[in-house]
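Notes for the one structure printed next.
The values are calculated or read from the model by the stated rules, or taken from the named source; none is laboratory data. Please read all numbers here as calculations on a predicted model, not as lab measurements. Here the Cβ positions follow ideal geometry from the backbone for every residue, glycine too, while neighbour counts run over all protein chains shown.
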Amino acid sequence: MSSVTNPIVRPSGVLPVVAGGEPILIVDDSLVDRRIAARVLVQAGGWSPAYASNGVEALEAMAKSLPRVVLTDLQMPQMDGLTLVQQIRERYPKVPVILMTGTGSEEIAVQALRAGAASYVPKRNVTTSLIPALEQVMVASRVDEPRQRMLACMTQQDVRFSLPPDPELIPPLTTLLRENLLAMGLCDATGATRVGIALEEALLNAIYYGTLEIPSGLKQKDEAAFKAMLQQRRQESPYRERRVRLFVNMTTSEAAYVVFDQGRGFDTSKLPDLATPAALEQSSGRGIMLMRTFMDRVTYSQTGNQVTLLKRRETRGVRP
């Protein structure tokens, strides 16, 4: 992470800023929860936390100096997390928001994800899930301004990719797709970040559980075993010869992404109901829930090894 010389100015009554690293604003009325999140960030390195106890204080801090990311609780006095997400998208669409969800806040968390939040982390898993969520959001929200000006001349795109089962290819690919989406004026910066995350989840699912046929749930149960199987199967036949294919068709009115893997597929009728608030606290199905929340339509083929994601043009914050 790059260092910063202008950390967030802290509002009165909140904890001091830790110098150095990417600025991140932690918004929570619980001092204990703020400190837990800050400890995770400091131990990981590369982050400079600042603090606010509610949405009003958060917006006051952001008016003085913008963070790279906002990490917010949902149930707070004066201004809750949902209202804060709405205000940040309206005022600062380039700043992504990650939710910290807890028991009793699931309903408002679903609303906040629909309103513009880029990701979420259950509070009970913050020590293990916060950094991966931050890394994903950071990659998905980077913008190359000169490149954006050039890409803004594009009016249509129709491309195809044939990818080996290499997860390291996915972040740069989703960055490219997100830049094109933003340049075509289909959504604002917040929307483009969310689409980038949805596409990353779809492509990684195609590699892990489609092409390489890694058992679903293994990553959550035993990450070391998951990584070992990932490396092993990438070197073995028939997995190493398989490809994930991505078809992209984009116009100024909508973008369609078709992800196809050469695995055996799965029974789509057995997909869990991820449209409920309770799904936020489940360890499995997180990626599919984010895909369905961030895209306008997500459909699977009958065999389960092809998924189509559709993003229609948004009407807010985009170029004509």
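Before moving on, here are some points about what is shown:
- Pairing each residue of region 285-312 that is over 22 Å from Ser162 (Cα atoms) with any residue that is assigned to a strand (DSSP E or B) and of a type in the set (A, V, I, L, M, F, W, C), provided the two are 6+ apart or on different chains, yields C-beta distances under 7 Å for Arg292/Val298; Met295/Leu309; Met295/Leu310; Asp296/Leu310; Arg297/Leu310.
- Filter pass, Arg178 being at pLDDT 90 or above, surrounded by 23 or more Cβ atoms within 10 Å (Cβ to Cβ) and either assigned by TED's automatic domain parsing to the domain that holds Tyr120 or basic (Lys, Arg) (or both): no
- Reported count of residues in region 206-228, each being of a type in the set (S, T, N, Q) and in contact with an Asp or Glu (Cβ under 7 Å, 6 or more places away or on another chain), is 1.
- Being in the same structural domain as Leu204 (by TED's automatic domain parsing), at pLDDT 95 or above and on the phi < 0 side of the Ramachandran plot is true of Asp261.
- The test for being under 19 Å from the mean Cα position of the chain (by Cα), more than 22 Å from Val69 (Cβ to Cβ) and polar (S, T, N, Q) does not hold for Asn125.
- Selection from region 304-319 of residues that are farther than 20 Å from Thr193 by Cβ, in a loop (DSSP other than H, G, I, E, B) and at pLDDT 90 or above: Asn305
- With respect to being in the same structural domain as Leu204 (by TED's automatic domain parsing), basic (Lys, Arg) and outside any strand (DSSP E or B), Arg234 fits the description.
- Qualifying residues in region 185-197 (those that are of a type in the set (A, V, I, L, M) and crowded, with 24+ Cβ neighbours inside 10 Å) - the one nearest to Cys153 (Cα to Cα): Ala192
- Residue ID - farthest from Thr175 (Cα to Cα), chosen from residues in region 191-221 that are part of a helix (DSSP H, G or I) and of a type in the set (D, E, K, R): Lys221
- Within region 75-160, helices (runs of 4 or more DSSP H) holding 3 or more residues that are surrounded by 23 or more Cβ atoms within 10 Å (Cβ to Cβ), assigned by TED's automatic domain parsing to the domain that holds Arg286 and modelled with pLDDT of 90 or more: none
- Flag if Leu218 is closer than 19 Å to Gly287 by Cβ, in the same structural domain as Asp166 (by TED's automatic domain parsing) and touching a residue at least 12 places away in the same chain (Cβ under 8 Å): no
- Within region 176-213, the set of residues being more than 21 Å from Leu113 (Cα to Cα) and among the small types (Gly, Ala, Ser) comprises Ala183, Gly185, Ala206, Gly210.
- Leu246 at negative phi, crowded, with 17+ Cβ neighbours inside 10 Å and within 22 Å of the chain's Cα centre (by Cα): yes
- Only listed residue being under 19 Å from Ile288 (Cβ atoms) and either aliphatic (A, V, I, L, M) or out of contact with any Gly (no Cβ under 6 Å at 6 or more places or on another chain) (or both), chosen from Leu212, Leu176: Leu212
- Answer residue from region 67-108, given it is touching a strand residue (DSSP E or B) at 6+ places or on another chain (Cβ under 6 Å) and polar (S, T, N, Q) and is farthest from Arg35 (Cα to Cα) among those: Thr101
- Summed over region 202-221, residues that are in contact with a strand residue (DSSP E or B) (Cβ under 7 Å, 6 or more places away or on another chain) and either surrounded by fewer than 19 Cβ atoms within 10 Å (Cβ to Cβ) or not β-branched (Val, Ile, Thr) (or both) total 4.
- Filter pass, Ala38 being without any contact (Cβ under 8 Å) to a residue 24 or more places away in the chain, buried (at least 18 other Cβ atoms within 10 Å of the Cβ) and not in a strand (DSSP E or B): yes
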